Structures are given as C-alpha cells and as structure tokens.
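The structure under discussion appears below in the form of structure tokens.
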Amino acid sequence: MENLLELLKIRRSVRVFQNKDIPKEELEKIVDAARFAPSARNLQPWEFVVVTDKNKLAELADLGQNAGFMAHSSACIAVFCVDTHYFLEDGSSATCNILLAAAALGIGSCWIAGDKKPYCQRVNALLNAPSGMKLISLIALGYPQEENTFKIVEKRGLKELLHWEKF
C-alpha cells in the first residue's frame, strides 16, 4: 500500500497535454476507480460523462472559467450527482479517485470547479444532463507534455499544519 502514499505525493494538476488519445480502456479504468469512492449512506449519487470529441472539448473549454486549456486535452470527465444532502462531498470524493487513478496510469489531470460556477447550467445543457443533476467537476485529462511531470512537489511541512488534541 505504500505505492498509494507515493502516488499521493506526486499527483499534480496538468494543463499542457500531448496531442495523443487516451485509450477507451484507460478511461473506463479511471471511471471504474471513481465508482469505488466513499459516499454518504452509500447512496453513490454520481454519474460520469466522458467527452473525447474535440469540438465538444472546445465548447466545454469556452464555457468554463480558466478552462481554456481543456480544448487541448484528450478527454474530459464530467462528474454529476443527484441532488442529495451530501452530493458535493460525494462527488468530490469520486473526483479525487479520478485524479489519483489518472496519475496511476501516467495520465495528467486537472480538476476544474463545478457546482457553484455560473457555467454549470450551460454544461448540463451541453451534456444533456437530466434535471436535478448537479455538476460537481470537469476533469481535463491527457498525457502530460512536460517530461517528469509526476514528481514530488513542495508542500507545507507536516509540523506546520498538524495539531494534536486542539488547534
């Protein structure tokens, strides 16, 4: 299980991708990992839309704030949840599994915010989401352009943020 701990240290957001398709089987592995995320009362309220069409990726990139790079990604996974009490937590948990599964497969990813953004309804319409579904995230995916993308990046030290018994 130490491999997971190492993976957590090297995963990072990638916004520059190679012009290379991700095999359907790899995308299915990534979504399969998402469905194993924890959810409140095990409701599993999520649905996933995988977008690989270049025109649709460009449309999504135009809709989202700070999402222009998605037009050059190989795929996007849109995470939706039924409007349950804990939809945001559940969908965020699934999103994290997507990010980690992608990194484990050598695929770069970047979480683009959803839920409270003004573009949510336009994304829902573009992807034909049923009414009552909440957009949690758009995740751009692709093989990183930069070599050695997956390496440990500097983070705050454990002693700076760990507190025992009280703050």
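Does Val31 satisfy the criteria of being among the β-branched types (Val, Ile, Thr) and open to solvent by 10 Å² or more (accessible area, probe 1.4 Å)? Yes, satisfied. Scanning segment 97-122 for residues that are assigned to a helix (DSSP H, G or I), within 14 Å of Phe48 (Cβ to Cβ) and touching a helix residue (DSSP H, G or I) at 6+ places or on another chain (Cβ under 6 Å) yields a total of 4. Scanning segment 104-129 for residues that are in contact (Cβ under 8 Å) with a residue 60 or more places away in the chain, within 27 Å of Glu146 (Cβ to Cβ), more than 11 Å from the chain's Cα centre (by Cα) and surrounded by fewer than 21 Cβ atoms within 10 Å (Cβ to Cβ) yields Ala104, Leu105. Scan segment 86-96 and tell me whether some residue there is assigned to a loop (DSSP other than H, G, I, E, B) and modelled with pLDDT under 95. Taking every residue of segment 86-96 in turn, none turns out to be assigned to a loop (DSSP other than H, G, I, E, B) and modelled with pLDDT under 95. Just one of the listed residues (Asp21, Asp53, Asp32) is of a type in the set (Asp, Glu) and under 15 Å from the mean Cα position of the chain (by Cα), namely Asp32. All told, Ala71 meets the bar of being small (Gly, Ala, Ser) and either surrounded by fewer than 20 Cβ atoms within 10 Å (Cβ to Cβ) or at positive phi (or both). Residues that are crowded, with 17+ Cβ neighbours inside 10 Å, in contact with a strand residue (DSSP E or B) (Cβ under 8 Å, 6 or more places away or on another chain) and farther than 17 Å from Lys24 by Cα within segment 48-68 comprise Leu60, Gly64, Ala67, listed in sequence order.
The values are calculated or read from the model by the stated rules, or taken from the named source; none is laboratory data. Just so we're clear, the structure is a prediction, and the values are computed from it rather than from any experiment. Heads up, the Cβs are rebuilt from the backbone with ideal geometry, glycines too, and the neighbour counts pull from every protein chain shown. Remember, those area values only see protein heavy atoms, side chains included, never the ligands or the DNA or RNA. Shrake-Rupley method; radii C 1.70, N 1.55, O 1.52, S 1.80 Å.
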